[in-house]
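What follows is a short report on a single structure.
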Amino acid sequence: MSVETMVKTYLNYIDGEWVSASTNEVEPSINPAKKYEIVGYVQKSSKKDLDKAVAAAKKAKQQWRKLSGPARGEYLFKIANAMERRIDEIAETMTREMGKTFPEAKGETARGIAILRYYAGEGMRKVGDVIPSTDSEGLMFTTRVPLGVVGVITPWNFPVAIPIWKMAPALVFGNTVVFKPAQETAVTAAKVVECMDEAGLPSGVVNMVTGSGSVIGQGIVDHPDINGITFTGSNQVGKQIGQGALARGAKYQLEMGGKNPVIVLEDADLDLAVDATISGGLRSTGQKCTATSRVFVQSTVYDQFKENLLAKVKQIKVGDSMDPETWMGPLASEKQLQTVLSYIRKGIEEGATLLYGGRRLEERELKNGFFVEPTVFENVSPKMTIAQEEIFGPVLALIKVDTLEEALILANDVQYGLSASIFTKDIGSMLSFINEIEAGLVRINAESAGVELQAPFGGMKQSSSHSREQGQAAIEFFTAIKTVFVKA
Ligand SMILES: NC(=O)C1=CN([C@@H]2O[C@H](COP(=O)(O)OP(=O)(O)OC[C@H]3O[C@@H](n4cnc5c(N)ncnc54)[C@H](O)[C@@H]3O)[C@@H](O)[C@H]2O)C=CC1
Ligand SMILES: O=C(O)CCC(=O)C(=O)O
């Protein structure tokens, strides 16, 4: 595996050129497992750089939209091939930049490649319907047109998959892109954009500008030449983006937080439920919007479930994510570490029982990173902060329930509605869960995380702007429908 010895500076990508920010300022992107290790320097751009990127995207959109869907799809195939050639390098960069384990990072990069190929194929599929007109001599049909320039604002937790599941459909449906990745993972983002450059994407079709959310992100929201904004991240920022976009009439799509429940009934396969709770709750150090956070267990099997869960959680090996022995890496940043530790403190202060974990890990080399123990609470009451707010860390709250009805009421008693799982063998319980649970992703005998790229993805309530990403659902955001009536 390659080891980079020189710290490289990564540039903005505007109109097909790699360029420095007009500020001449860069900032280091660091390894959260070893905070003294700089993965790369990234540009700290200004509004001026954003304006250039938007102008390039605006210019490029005329030619790009004129290409056929299959021709645009061909570019996506080429980008996928370029990424496949560099899969180890991109995955290693992701691991070093945000701390998910190397196998997870490689899996995510492979998923990015598969998403590109899926949307490349979408370039050949139908974009409209023929609808019978009341005029027997008329032809009525729908077709779709691109929005124009799309602003893509992404978080650090899936630094390859999320940008690609936004950019690939944007491109294949004829839009051009201004991409603002999270600054924490801007080196990984730059490598994805390098693949686009290698694939020969025409100048200006994708532009990347790195910098702060308040300058570049907000700049995208306010820019009159950006026609659509797609965002994944926190609820607070998502709401601001939605309001800003609405105010100037731009289309927007928001994917935000989750507080995802798992329900374990007394007839469940407990081994399966335990493994899925651990995988769903603690992989990627709990930093997924689909991560399991609350675990409702029927009282008759509660003690057994708890014992089995704790036995396995205690075996989790925490460490540097490039170490093949490591199961759980660091949190992605010092800020994320402080947030998670403050939620753990709040859980204790509000009276939950800390069953396991809860500490920052600082032994030997771990002190140089942002490591926490996998953490399990019990006696968590529904109104406690750790039962209501998204933690985005490796923290599970166990809650004892007597019946499925009670579990459903409590599971729904949060502002979010992204993903939810149940473990049971009873078809009636499964159907009640499918009908009653307030979640966009409903999972039976499967962990709460585990999104498939060909299916719609998104949440109910405060988890999203009620739109769906991925699969064929993506066309709804990235295009506008024209209803056409023709009479000769
Ligand atoms: N739903 C999800 O997948 C994610 C949820 N989160 C949640 O958000 C919390 C905070 O994480 P952050 O990285 O600070 O998320 P964030 O929402 O601040 O950042 C997400 C993206 O939005 C940009 N941004 C920030 N302020 C902006 C603004 N005013 N206008 C436009 N864009 C802006 C950021 O630069 C980044 O690219 C986490 O603890 C977690 O709870 C974070 C990342 C992903
Ligand atoms: O679980 C997944 O694969 C996707 C999760 C996600 O979209 C997120 O955490 O932002």
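Numbers below:
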quantity: From the options Tyr36, Tyr41, Tyr13, residue that is out of contact with any Phe, Trp or Tyr (no Cβ under 6 Å at 6 or more places or on another chain), outside any helix (DSSP H, G or I) and farther than 16 Å from Met208 by Cβ; calculated: Tyr36
quantity: One residue from Met124, Met140, Met94 being modelled with pLDDT of 95 or more and surrounded by 24 or more Cβ atoms within 10 Å (Cβ to Cβ); calculated: Met94
quantity: Residue in segment 29-43 that is among the small types (Gly, Ala, Ser), in contact with a Gly (Cβ under 6 Å, 6 or more places away or on another chain) and at pLDDT 95 or above present; calculated: yes
quantity: Residue count, segment 165-185 (criterion: of a type outside the set (S, T, N, Q) and either part of a loop (DSSP other than H, G, I, E, B) or within 12 Å of ligand 2 (Cβ to nearest atom) (or both)); calculated: 6
quantity: Pairs, first under 17 Å from Ile216 (Cα atoms) in segment 6-17, second β-branched (Val, Ile, Thr), C-beta under 6 Å, six or more apart; calculated: Tyr10/Val42; Tyr10/Val187; Leu11/Val19; Asn12/Val19; Asn12/Val209; Tyr13/Val193
quantity: Options Ala245, Ala276, Ala268, Ala291; residue that is in contact (Cβ under 8 Å) with a residue 40 or more places away in the chain, touching a strand residue (DSSP E or B) at 6+ places or on another chain (Cβ under 6 Å) and not aromatic (Phe, Trp, Tyr); calculated: Ala268
quantity: Strands (runs of 3 or more DSSP E) contained in segment 323-412 and holding at least 3 residues more than 30 Å from Ile434 (Cβ to Cβ) and not assigned by TED's automatic domain parsing to the domain that holds Cys289; calculated: none
quantity: Residues located in segment 406-429, provided they are more than 16 Å from ligand 2 (Cβ to nearest atom) and of a type in the set (Ser, Thr, Tyr); calculated: Thr424, Ser429
quantity: Residue within segment 117-133 that is more than 24 Å from Ile241 (Cβ to Cβ) and within 16 Å of ligand 2 (Cβ to nearest atom) present; calculated: yes
quantity: Tally, over segment 143-164, of residues that are away from ligand 2 (no atom under 16 Å from the Cβ) and among the polar types (S, T, N, Q); calculated: 1
quantity: Single residue of segment 218-228 satisfying the filter (outside any strand (DSSP E or B) and touching a helix residue (DSSP H, G or I) at 6+ places or on another chain (Cβ under 8 Å)) that is surrounded by the most Cβ atoms within 10 Å (Cβ to Cβ); calculated: Ile220
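Per-residue answers, yes or no, for (1) near ligand 1 (Cβ under 9 Å from one of its atoms); (2) more than 27 Å from Ala332 (Cα to Cα); (3) surrounded by 21 or more Cβ atoms within 10 Å (Cβ to Cβ); (4) under 16 Å from the mean Cα position of the chain (by Cα):
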| position | (1), (2), (3), (4) |
| --- | --- |
| Leu147 | no, yes, yes, no |
| Ile162 | yes, no, yes, yes |
| Pro169 | no, yes, yes, yes |
| Met208 | no, no, yes, no |
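Residue-wise test of (1) within 10 Å of ligand 1 (Cβ to nearest atom); (2) part of a loop (DSSP other than H, G, I, E, B); (3) at negative phi; (4) among the basic types (Lys, Arg).
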| site | (1), (2), (3), (4) |
| --- | --- |
| Ile216 | yes, no, yes, no |
| Ile241 | yes, no, yes, no |
| Leu246 | no, no, yes, no |
| Ala268 | no, yes, yes, no |
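The rows are residues; the columns are (1) more than 27 Å from Gln336 (Cβ to Cβ); (2) assigned by TED's automatic domain parsing to the domain that holds Thr483; (3) hydroxyl-bearing (Ser, Thr, Tyr).
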site	(1), (2), (3)
Gly73	yes, yes, no
Ile79	yes, yes, no
Glu89	no, yes, no
Glu108	no, yes, no
Arg111	no, yes, no
Arg117	yes, yes, no
Glu122	yes, yes, no
Lys126	yes, yes, no
Ser136	yes, yes, yes
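The values are calculated or read from the model by the stated rules, or taken from the named source; none is laboratory data. Given the structure is predicted, the values throughout are model-derived calculations rather than measurements. FYI the Cβ positions are ideal-geometry reconstructions off the backbone, even for glycines, and counts take in every protein chain you see.
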